[in-house]
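A.B. asks: Here it is, the structure in full.
The values are calculated or read from the model by the stated rules, or taken from the named source; none is laboratory data. Quick caveat: nothing in here was measured; it's all calculated off a predicted structure. Methodologically, a virtual Cβ is constructed for each residue, glycine included, from the backbone with ideal geometry; neighbour enumeration extends over all protein chains shown.
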Amino acid sequence: MATNRTFTMIKPDAVQDGNTGNILADIEKAGFRIIALKKTRLTPERAGKFYEVHKERPFYNDLVTYMSSGSIVAAILEKDNAVAAFRELIGATNPAQAAEGTIRKKYAKSIEANAVHGSDSDENAQIEGDFYFPADEQF
Ligand code: RTP
Ligand code: MG
């Protein structure tokens, strides 16, 4: 069953480039409501924990280094069918393959520095949102 929430991070490349506001505007224009929002920075240990599901993948160590290299902006978002709708809004992992008008097409630099994260399932959206936000910070 689809829930109505997903979780996103604006990644270090996009925050560094000054695209936080543009990306949040695109997200709200697409009909998502912001349920929780914070700017923070992951330690390598916390980035490693967040991406634990990928620890056997060849890109895991680079990803952890990259995601702890600068500030990120974390958010919980709400919309009907949020997980799938948000992945459509952000586009393919590799910006070279992302559709015109998607957030990754507009703001990503590479398959790694690809501007935003989007949860891949309702279950992971819940886990990832709770990783950053206690219940009394989710509205
Ligand atoms: P995300 O989790 O960030 O929303 O991205 P995704 O589902 O589209 O991609 P996923 O397979 O979950 O990979 C997580 C992140 O790892 C980096 N990556 N690097 N060098 C590479 O080949 C490679 N492949 C993936 C990207 O930052 C990707 O978003
Ligand atoms: Mg993923």
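A.B. asks: Limited to the range 104-131, what total is found for residues that are under 20 Å from Asn22 (Cβ atoms) and within 11 Å of ligand 1 (Cβ to nearest atom)?
C.D. replies: Of the residues in the range 104-131, 10 are under 20 Å from Asn22 (Cβ atoms) and within 11 Å of ligand 1 (Cβ to nearest atom).
A.B. asks: Checking the conditions here, which among Gly48, Gly70 is more than 11 Å from ligand 1 (Cβ to nearest atom), within 19 Å of Thr20 (Cβ to Cβ) and at pLDDT 95 or above?
C.D. replies: Only one candidate passes the filter, namely Gly70.
A.B. asks: To continue, here is another question. Out of the residues in the range 1-37 that are small (Gly, Ala, Ser) and part of a loop (DSSP other than H, G, I, E, B), which is farthest from the chain's Cα centre (by Cα)?
C.D. replies: Per the stated criteria, the residue is Ala2.
A.B. asks: Then there's this: Hey, any hits in the range 59-77 for a residue that's of a type outside the set (A, V, I, L, M) and in contact (Cβ under 8 Å) with a residue 60 or more places away in the chain?
C.D. replies: Within the range 59-77, not a single residue is of a type outside the set (A, V, I, L, M) and in contact (Cβ under 8 Å) with a residue 60 or more places away in the chain.
A.B. asks: In the range 80-103, what residues are out of contact with any strand residue (DSSP E or B) (no Cβ under 7 Å at 6 or more places or on another chain), under 16 Å from Asn22 (Cα atoms) and not in a loop (DSSP other than H, G, I, E, B)?
C.D. replies: Of everything in the range 80-103, just one residue is out of contact with any strand residue (DSSP E or B) (no Cβ under 7 Å at 6 or more places or on another chain), under 16 Å from Asn22 (Cα atoms) and not in a loop (DSSP other than H, G, I, E, B), namely Leu89.
A.B. asks: Still on this structure: What's the number of the only condition in (1) more than 8 Å from ligand 1 (Cβ to nearest atom); (2) out of contact with any strand residue (DSSP E or B) (no Cβ under 9 Å at 6 or more places or on another chain); (3) free of Cβ contacts under 8 Å to residues at least 24 places away in the same chain; (4) closer than 15 Å to Met9 by Cβ that His54 fails to meet?
C.D. replies: In the conditions (1) more than 8 Å from ligand 1 (Cβ to nearest atom); (2) out of contact with any strand residue (DSSP E or B) (no Cβ under 9 Å at 6 or more places or on another chain); (3) free of Cβ contacts under 8 Å to residues at least 24 places away in the same chain; (4) closer than 15 Å to Met9 by Cβ, His54 misses (1) alone.
A.B. asks: Name the one entry in Thr40, Thr20 that is surrounded by fewer than 18 Cβ atoms within 10 Å (Cβ to Cβ) and more than 20 Å from Phe139 (Cα to Cα).
C.D. replies: Residue meeting the stated conditions: Thr20.
A.B. asks: If you take the residues of the range 85-139 that are within 13 Å of ligand 2 (Cβ to nearest atom) and hydrophobic (A, V, I, L, M, F, W, C), which of them is farthest from Thr40 (Cα to Cα)?
C.D. replies: The qualifying residue farthest from Thr40 (Cα to Cα) is Ala92.
A.B. asks: Go through (1) away from ligand 2 (no atom under 13 Å from the Cβ); (2) part of a helix (DSSP H, G or I); (3) in contact with a Phe, Trp or Tyr (Cβ under 6 Å, 6 or more places away or on another chain) and name the single condition Ala74 misses.
C.D. replies: Unmet for Ala74, out of (1) away from ligand 2 (no atom under 13 Å from the Cβ); (2) part of a helix (DSSP H, G or I); (3) in contact with a Phe, Trp or Tyr (Cβ under 6 Å, 6 or more places away or on another chain): (2).
A.B. asks: Scan the range 75-91 and tell me whether some residue there is at negative phi, among the β-branched types (Val, Ile, Thr), more than 9 Å from ligand 1 (Cβ to nearest atom) and within 10 Å of the chain's Cα centre (by Cα).
C.D. replies: Looking for residues that are at negative phi, among the β-branched types (Val, Ile, Thr), more than 9 Å from ligand 1 (Cβ to nearest atom) and within 10 Å of the chain's Cα centre (by Cα), one finds at least one in the range 75-91, hence yes.
A.B. asks: Could I ask something else about it? Taking the conditions exactly as written (within 12 Å of the chain's Cα centre (by Cα), part of a strand (DSSP E or B) and either β-branched (Val, Ile, Thr) or modelled with pLDDT of 95 or more (or both)), does Ala113 satisfy them or not?
C.D. replies: no
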